[in-house]
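Novice: Before I ask anything, here is the structure I am working with.
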Amino acid sequence: MTLLEVKNLKVEFQTQDGVVSAVRDLNYTLEKGKTLAIVGESGSGKTQGAFAILGLLPKNGKASGSVLFNGTEILNLSPRKINEYRAAKIGIIFQDPMTSLNPYLRISRQLTEVLERHKGMSRSQALAESIRMLDAVRIPDAKNRIHMYPHEFSGGMRQRVMIAMSLLCGPELLIADEPTTALDVTVQAGIIDLLVDLQEDFGTSIILITHDLGIVAGSCEDTLVMFDGRVMEYRKTEELFANPQHAYTKGLLAAVPRLDKKVERLSTVSYDFLAQGREL
């Protein structure tokens, strides 16, 4: 069953030099309980497309097209209405766990505030639920560590706190925007494995935004490749890895480091396809 359907989504920004297009005719669907990877280099429009869905574009940004969530049009809702969706139906994990948490507040206050405001829980109820969620994201000794400050957590543990916070209200959709940025490789693998396990436990649909094809293969059913705000390729992940069709996708896959092949120099992406038309 379809949870999210994005049709002809465009995102534009008004600048001093005129209108800049960040996303151009983005189309995809996401089924309930499934994971979609949106892959592309920095500046390809991945994050701005997600921010348009969440109503998080800056004042000079404008989104057009259609975004259906459970059959309801949510693009360009009023600030109050879209805030209700962000609170209860759509969660987001932002890129940098080092700066996403308030350094002046204990983890307990940052988590309980979400439940008190959006679920109407008492302080004690919210604290108990927050501890339960920290246990779910595998933070050791959650009952005691919840009273610590963000600087007392490692980068990987902070990201687990952010994942817990995004799941507190039981959203149907979780948007993970570069959730492994600035983390060690081994920690990255742990975060992706955690997201896969949590999806099975909570039945949440996930949009995984990343520039790293290496973390996509075992965790996402479908993959959408973007460049310059456009869709280059959109297919089942297994098919895309086995037989990429677009030159840009082939370049991205060739640039992924391999342990089973000895190479003196990593491959780089060729942009010759620009002269031949961008889309598949």
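The values are calculated or read from the model by the stated rules, or taken from the named source; none is laboratory data. On a predicted model such as this, the values are computed, not experimentally measured, just so you know. Counting neighbours? That spans all protein chains shown, and the Cβs are built from the backbone with ideal geometry, glycine included.
Novice: Quick check, is Ser122 at pLDDT below 95 and of a type in the set (Ser, Thr, Tyr)?
Specialist: Details: at pLDDT below 95: no; of a type in the set (Ser, Thr, Tyr): yes.
Answer is no for this residue.
Novice: Taking the range 87-106, which residues are surrounded by 19 or more Cβ atoms within 10 Å (Cβ to Cβ) and either assigned to a helix (DSSP H, G or I) or touching a Cys at 6+ places or on another chain (Cβ under 8 Å) (or both)?
Specialist: Gly91, Pro97
Novice: List the helices (runs of 4 or more DSSP H) that sit entirely inside the range 107-173 and contain at least 2 residues that are crowded, with 20+ Cβ neighbours inside 10 Å and among the aliphatic types (A, V, I, L, M).
Specialist: By residue number, 107-118, 123-136, 155-167.
Novice: While we're looking at this one, here's another question. Is it true that Leu115 is farther than 30 Å from Gln188 by Cα and in contact (Cβ under 8 Å) with a residue 40 or more places away in the chain?
Specialist: No, not satisfied.
Novice: Quick one: Ile131 ticks every box in (1) more than 26 Å from Val196 (Cβ to Cβ); (2) hydrophobic (A, V, I, L, M, F, W, C); (3) out of contact with any Ser or Thr (no Cβ under 7 Å at 6 or more places or on another chain) bar one, so which box is it?
Specialist: Condition (1) is where Ile131 drops out.
Novice: Here is a list: Val216, Val225. Which entry is in contact with a strand residue (DSSP E or B) (Cβ under 6 Å, 6 or more places away or on another chain) and either surrounded by fewer than 18 Cβ atoms within 10 Å (Cβ to Cβ) or modelled with pLDDT under 95 (or both)?
Specialist: Val216
Novice: Where residues in the range 40-76 are part of a strand (DSSP E or B) and touching a helix residue (DSSP H, G or I) at 6+ places or on another chain (Cβ under 6 Å), which of them is surrounded by the fewest Cβ atoms within 10 Å (Cβ to Cβ)?
Specialist: Ala63
Novice: Would you mind finding the one in Leu68, Leu57, Leu101 that is hydrophobic (A, V, I, L, M, F, W, C) and not assigned by TED's automatic domain parsing to the domain that holds Ala182?
Specialist: Within the list Leu68, Leu57, Leu101, the selection yields Leu101.
Novice: Which is under 21 Å from Gln159 (Cβ atoms) and at pLDDT 95 or above, of Leu173, Leu183?
Specialist: That would be Leu173, the only listed residue that is under 21 Å from Gln159 (Cβ atoms) and at pLDDT 95 or above.
Novice: To continue, here is another question. So how many residues does the range 3-18 have that are more than 12 Å from Gly229 (Cα to Cα) and either surrounded by 14 or more Cβ atoms within 10 Å (Cβ to Cβ) or among the basic types (Lys, Arg) (or both)?
Specialist: Residues flagged as more than 12 Å from Gly229 (Cα to Cα) and either surrounded by 14 or more Cβ atoms within 10 Å (Cβ to Cβ) or among the basic types (Lys, Arg) (or both) within the range 3-18 amount to 6.
Novice: Can I ask one more? Cβ-Cβ below 7 Å, separation at least six or inter-chain, first residue in the range 130-155 and under 18 Å from Asp201 (Cβ atoms), second acidic (Asp, Glu): which pairs?
Specialist: Once the first residue is under 18 Å from Asp201 (Cβ atoms) and sits in the range 130-155, its partners that are acidic (Asp, Glu) give Ala142/Asp135.
Novice: Look at Ser21 and say whether it is buried (at least 22 other Cβ atoms within 10 Å of the Cβ) and assigned by TED's automatic domain parsing to the domain that holds Asp177.
Specialist: No, not satisfied.
Novice: Taking the condition over 19 Å from Asp222 (Cα atoms), touching a Phe, Trp or Tyr at 6+ places or on another chain (Cβ under 7 Å) and not polar (S, T, N, Q), does Gly71 pass?
Specialist: Working: over 19 Å from Asp222 (Cα atoms): yes; touching a Phe, Trp or Tyr at 6+ places or on another chain (Cβ under 7 Å): no; not polar (S, T, N, Q): yes.
In short, no.
Novice: Going by the structure shown, is Glu84 surrounded by 16 or more Cβ atoms within 10 Å (Cβ to Cβ) and more than 14 Å from the chain's Cα centre (by Cα)?
Specialist: When the stated conditions are applied, Glu84 does not pass them.
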